[in-house]
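Have a look at the structure below, then the notes.
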């Protein structure tokens, strides 16, 4: 554990409580990747910062609550780096994990040909048309990150049935084997509380916050993939840029309208209202 005289940074005359100052300093050290290999224990932190164990516990409790560190029973705390994904671009979760400097691995729980009427409707296919279904638990640094369900039209996607998706990306294999990698599409992002099955797959408590991503990918306008992904809310974030001439779009409607909203329209509709410039 590196020596760090951080207690010099804590101002005992400041109005800000010591535990908050400690929390701020620990976040700075985490951002500098000082604790990637090992996070210090309570006793070490108390000595380093010359504060009480109670002060340390308050700071660590806040870091755990905000998802900055994780601690399981019988195991020391660990830093939980979040994966930041820019919006508005075709992206691969595989590439995002690798880009964050983490190892990526998938546990494939299903790879088969089967029909699915709901997915077929999203892809503009007839009910009963065969689809290739891929289901994976996505891991970052061998810890659960996401649960992924993907459907592709079987008429061109059957070569993917022979792929081992443990350590490769779907879009890489689509381009390599099918010549139909996504060139655009539409994605709806929401959030909810993890249910039993989702919590089990993601290593979370039931009720923990998760992102839900529903994506329809196209190859030059032709739907080639429908995907539903649940991602841990404490390990993933979305980044967007805006300017006075552009911004977010709000599509009014109810949850029952979501399936229709996700489908790619032939022409832009007036339903989407820009809300650029609002906080």
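The values are calculated or read from the model by the stated rules, or taken from the named source; none is laboratory data. Small disclaimer: the values here were computed from a predicted structure and weren't measured. Here the Cβ is made from the backbone with ideal geometry for all residues, glycine too, and neighbour counts use every protein chain on show.
Just need a number here: residues in the range 181-202 that are closer than 21 Å to residue 108 by Cβ and at pLDDT below 90.
If we filter the range 181-202 for residues that are closer than 21 Å to residue 108 by Cβ, which is where we start, we get 181-182, 197-202.
Okay, now just the ones that are also at pLDDT below 90, so 181-182.
Final tally of qualifying residues: 2.
Just to be sure before I move on: is residue 172 over 30 Å from residue 37 (Cα atoms), touching a residue at least 60 places away in the same chain (Cβ under 8 Å) and out of contact with any strand residue (DSSP E or B) (no Cβ under 9 Å at 6 or more places or on another chain) in the structure I sent? So residue 172 fits the description; yes. Does at least one position in the range 32-45 carry a residue that is part of a helix (DSSP H, G or I), out of contact with any strand residue (DSSP E or B) (no Cβ under 9 Å at 6 or more places or on another chain) and exposed (fewer than 12 other Cβ atoms within 10 Å of the Cβ)? Yes, that holds for at least one residue. If I go through the range 21-39 residue by residue, how many of them are under 24 Å from residue 144 (Cα atoms) and in contact with a helix residue (DSSP H, G or I) (Cβ under 7 Å, 6 or more places away or on another chain)? Within the range 21-39, residues that are under 24 Å from residue 144 (Cα atoms) and in contact with a helix residue (DSSP H, G or I) (Cβ under 7 Å, 6 or more places away or on another chain) number 1.
Filtering the range 133-148 to residues that are more than 13 Å from the chain's Cα centre (by Cα), at pLDDT below 95 and closer than 13 Å to residue 167 by Cβ leaves only 142. For residue 117, the criteria (1) at pLDDT below 75; (2) within 24 Å of residue 185 (Cα to Cα) hold in every case but one, which is (1). Highlighted here are the helices (runs of 4 or more DSSP H) found entirely within the range 118-212 that include at least 2 residues which are in contact with a helix residue (DSSP H, G or I) (Cβ under 7 Å, 6 or more places away or on another chain) and in the same structural domain as residue 97 (by TED's automatic domain parsing): 154-157. In the range 213-241, which residue that is part of a loop (DSSP other than H, G, I, E, B) and surrounded by 13 or more Cβ atoms within 10 Å (Cβ to Cβ) is modelled with the highest pLDDT? Looking at the filtered set, the residue picked out is 233.
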